[in-house]
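Structure first, then comments.
Every read-out reported here was derived from the displayed coordinates using simple, explicitly stated rules and does not represent laboratory data. Treat the numbers as computed from the prediction; the structure is a model and nothing was measured.
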Amino acid sequence: MTIPTGWSLWARPKFFEWEAKGVPLRAELGPRDLAEGVVTLARRDREGRTTVARADAASRVRDVLLEIQRDMYEHAARDLREHVVDIAANEEVREMINRIGWCGDEACGKQVETDTGMSLLGTPFPPEPFEGKCISCGRPAVTAAYVARTY
């Protein structure tokens, strides 16, 4: 293995270290890239690499980082939606995030926690439309509330 002039054996790039630190985008600029006038970009969230002209690297890096942020947000939102279930009775409670109707009364909230063995996480902000009855007392629900097991 040949080491470029000015580098020590310990200074060579260690890609895994950067991935372990959570760096979302790695820009590689080696001797071959310099000769060709390109920068190689490697996304952490996808396989493969792309090359861009060095002159366009700054704007392309910005675009790729925005794309990574959008993709991560969409993935997290989709994952959250898949783990929320609407329930109408305590017997329907599942080991995920349960969306219930709640009248807003503190006593009903405590009763839900007692009956389900889960914690009342709160109500959404901004408020979500919810039609139905309070899971505890049966009065019309004023808002949705979320119930889940907390550790």
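Using the alpha carbons alone, the radius of gyration of segment 84-148 stands to its Kirkwood radius in an Rg to Rh ratio of 0.90.
Counting only alpha carbon atoms, the long axis of helix 57-82 and the longest principal axis of the chain meet at about 30°.
Computed from Cα positions, the angle between helix 106-116 and the longest principal axis of the chain comes to roughly 70 degrees. If you look at the Cα atoms of the chain, you get an Rg and a Dmax of 25.6, 77 Å.
The mean of 1/r over all distinct Cα pairs in segment 23-111, once inverted, gives the Kirkwood hydrodynamic radius of 17.0 Å.
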